[in-house]
1. Which condition number does LYS57 fail, the rest of (1) charged (D, E, K, R); (2) at pLDDT below 85; (3) over 24 Å from PRO188 (Cα atoms) being met?
2. Find the residue count for the range 72-92, including only residues that are surrounded by fewer than 22 Cβ atoms within 10 Å (Cβ to Cβ), among the polar types (S, T, N, Q) and at pLDDT below 90.
3. With (1) farther than 20 Å from ALA186 by Cα; (2) polar (S, T, N, Q); (3) outside any loop (DSSP other than H, G, I, E, B) as the list, and ASN142 as the residue in question, which single condition is left unmet?
4. Select from the range 93-141 the residues that are exposed (fewer than 15 other Cβ atoms within 10 Å of the Cβ) and among the polar types (S, T, N, Q) and write down the one among them that is modelled with the highest pLDDT.
5. Condition check: at pLDDT 90 or above and more than 27 Å from GLN171 (Cα to Cα). Does GLU67 satisfy that?
6. What about VAL91, is it farther than 21 Å from VAL42 by Cα and in a helix (DSSP H, G or I)?
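The values are calculated or read from the model by the stated rules, or taken from the named source; none is laboratory data. This is a predicted model, so every value here is computed, not measured. Neighbour counts run over all protein chains shown; Cβ positions are idealised from the backbone, glycine included.
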Amino acid sequence: MTRSKIFGNECGSGRREAGPSLCMAFSTNTPPNMPASLRPIVTPRKKTEFAGFTAWKQAEKLRRGVEIFERHGVKPRVWIAPNDSFDRTTVSLLPQFGIRIICEGCFRVPFLYQRKMVWIPQQLYGFRPAPPGVWTVCYHHNHWTASDLAKFRQDLVRYRTEICSLDEVLQAWAGRKSRWPAWLYAHPRLAQLVIRCELKLWEWWVSDWAQPRPFQKCVPTR
């Protein structure tokens, strides 16, 4: 069985060698009277900095965000949207800024989709048992307490054999195309429900398998 891979979300970590994600953590309300075709594609949330805005305005925000990273010697290559909210216009603009990886959406494995963009899922906000696949763990550590940090260290030790880098994910899943995840990410409420069910079933299966079984003596039959 293929082990689940947990890809650490490095947004804001400053790890230059790992290629940090581009993430601008502020938001405003969704523009009023937004047509359905312009609404966010991976989340039902109403707060957004990108979905529904003009291509010019989105490109300006991307340009300013990339410039901030580059002033600090960081070349962003992964897109993680504020509030997970963006639209197809955003996707079409990202390659202009050297970004061809999107880490958003609830599905199990990465895939290559339109405009040769690589989509990597982002489903978890803490380490936990998970079925085979690629599972991205997102942490917002600004207000962590000492106990939160201690729990994080324990989880790193517990799951250390399951953690891999972005480059390892790209190497293992390069060029994979799939219609199911591509359809699923565009239906966020259903996608979140599917992921929750899969995690719950896996947690139940693992806990049930770990239970000690009563010893049964084998009696030969004639």
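1. Every listed condition holds for LYS57 apart from (2).
2. 1
3. (3)
4. Per the stated criteria, the residue is GLN96.
5. Working: at pLDDT 90 or above: yes; more than 27 Å from GLN171 (Cα to Cα): yes.
Judged against the criteria, GLU67 is a match.
6. Values: farther than 21 Å from VAL42 by Cα: no; in a helix (DSSP H, G or I): yes.
No: the conditions fail for VAL91.
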